[in-house]
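What follows is calculated from the coordinates using simple rules that are stated; it is not laboratory data. As the structure is a computational prediction, the values presented were derived from the model and not from experiment. Quick reminder, even Gly has a Cβ in these numbers, built from the backbone with ideal geometry, and neighbours come from all protein chains shown.
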Amino acid sequence: MSTLPQMPKSWRLESKPHKFCPGCGHGLVLKALGEAIDELGIQDRVAFGCDIGCSLLAWDFFNVDTVQTHHGRTTPVMTGIKRANPDIICIAYMGDGGGYAIGSQHLVNAAARNERITAILVNNCNYAMTGGQMAPTTLPGMKTETSPYGRDVEQSGYPTQGPEMVAAITREGAYVARGTIANLKQLKSYLKKALENQMAGNGFSFVESLASCPTNWRTNAKDTWAFVEQEMPKYFKVGEIKNPAEKGDE
Amino acid sequence: MSVALKTFSHKGEKGYWTVFPGLCKGCGLCVEKCPKDCLKWSDQLGVYGTPTIEPEMDKCIACGICANVCPDCAITVEKNK
């Protein structure tokens, strides 16, 4: 009978239980990513870069080469590694603060240059590590520490729709998709396609994943699933936005 | 290895169900996702001192959804052949 947990092979068992909060969506995104790395058999070629914020807790998550960078600077660091050695498969892993707030210039410029890296962005609607402040992705009317009466779209504007933005500025060969932790099979297929797109050398691959944050949403398990499955996809539409494999349907 | 891989296993008609209390943080995501509502809170404590879970094996169909949605891979389910 089984005595070992059924983890992806690329996970590092010594660092488990991992450092994320109970119920955190990062664990599920990294599980899907680990399974995608296992299935492609690229564990020895991956360089994994994590950002500041909750995503930095993934620094000892995998048995792959990992670098932890300045806030928002994961994309250019991975771009540099890719340019120095194109055989390495570079994964830039960031949260919505690192991708859409302080790191948006790097994300936008890497996408516009069509750098051959994979960026994975975990969207949990707030700045979770600092206590749940309002982020670029906070939903209209959603209560956070710095928007106690709910996000006022008159004052603070509407949330950033990152994959749509990246899809609009990238050229041919880019892969852009938005997955959710409520559908892990789909999320895994998106991550796999994004890695394959990089391995084929087509262009920039970007996957955003909707994720949960029970600690800062102050929700129990039932409300957490309800928010991830019903509230978030109303504004953030799940699906593939740009896929170089499907041509001619414009 | 930092994890003491203590296990609590339950044998049922459909499969063999195991939880690792050294990995379980007691988030409860699996309890909500169980299609048969057969997971309940256990007297055993997980790694954060929160209750871990245990199944009612007469209702469990060994579908493995609890193992899939666990962010910590604390559950394994083996189907009987």
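If packing is taken as the average number of other Cβ atoms within 10 Å across a peptide's residues, how do B:53-63, B:11-21 rank, most packed first?
Numbers: B:53-63: 16.9, B:11-21: 19.3.
Ranked from most to least packed, the peptides come out as B:11-21, B:53-63.
Do the alpha carbons of any pairs in A:Lys82/A:Lys143; A:Lys242/B:Lys79; A:Lys242/B:Lys33; A:Lys188/B:Lys33 sit beyond 29 Å of each other, and which pairs?
Working: A:Lys82/A:Lys143 40 Å; A:Lys242/B:Lys79 38 Å; A:Lys242/B:Lys33 31 Å; A:Lys188/B:Lys33 19 Å.
Over 29 Å Cα-Cα: A:Lys82/A:Lys143; A:Lys242/B:Lys79; A:Lys242/B:Lys33.
Please give the length that would be gained between A:Glu145 and A:Ala226 if that part of the chain were fully extended, namely 0.36 nm times their separation in residues minus their C-alpha to C-alpha distance (nm, one decimal). Write out the running numbers ahead of the final one.
On the way: separation 81, 0.36 × 81 = 29.16 nm, distance 2.08 nm.
In short, 27.1 nm is gained.
Quick one: if the Förster radius is 25 Å, what FRET efficiency do B:Lys79 and A:Ser189 give, using the C-beta to C-beta distance and rounding to 0.05? Intermediate values should be presented prior to the final figure.
Values: r = 23 Å, r/R0 = 0.93.
The computed FRET efficiency comes out at 0.60.
If you take the beta carbon distance between A:Leu13 and B:Ser9 as r and set R0 to 22 Å, what does 1/(1 + (r/R0)^6) give as a FRET efficiency, to the nearest 0.05? Rounded to the nearest 0.05, the efficiency is 0.70.
Taking every residue in B:11-21, how many Cβ atoms of other protein chains lie within 10 Å of its Cβ, on average?
Values: counts 1, 0, 0, 0, 0, 2, 0, 6, 1, 5, 0.
Taking the mean over all residues of the peptide, I get 1.
One equal scatterer on each Cα of the protein assembly as shown, no solvent, Debye formula: the resulting log10 I(q)/I(0) at q = 0.06, 0.08 Å⁻¹ is -0.20, -0.37.
Given a cut-off of under 8 Å on Cα pairs at least six residues apart, what relative contact order in percent is computed for the stretch A:20-142? The partial results should precede the final answer.
Values: 206 pairs, mean separation 28.1, N = 123.
About 23 percent, as a whole number.
Centroid-to-centroid, using Cα positions, the stretch B:1-53 and the stretch A:66-116 are 37 Å apart.
What size of dipole, in debye to the nearest 20, comes out for the protein assembly as shown about its Cα centre when the only charges are +1 on Lys and Arg C-beta atoms and -1 on Asp and Glu C-beta atoms? Mind dumping the intermediate values first?
Details: 35 positive and 34 negative charges, 70 e Å.
I would put it at about 340 debye.
Shielding by partners for peptide B:25-38, expressed as the average number of C-beta atoms from other protein chains within 10 Å of each residue's C-beta, is 4. So what does the Cα-only Debye profile of chain B read at q = 0.11, 0.18, 0.25 Å⁻¹, as log10 I(q)/I(0), no solvent term? With no solvent term, the Cα-only Debye profile gives -0.24, -0.65, -1.26. Full extension of the chain between A:Gln6 and A:Gln133 gives 42.2 nm of extra length, using 0.36 nm per residue less the Cα-Cα distance. Taking every alpha-carbon pair under 8 Å whose residues sit at least 6 apart, chain B reaches a relative contact order of 35 percent.
Mean-square fluctuations from a GNM of chain A, with a 10 angstrom spring cutoff on Cα atoms, peak among A:Thr74, A:Thr66, A:Thr130 at A:Thr130. Largest mean-square fluctuation among A:Ala168, A:Ala128, A:Ala177, in a Gaussian network model of chain A whose springs join Cα atoms under 10 Å apart, belongs to A:Ala168.
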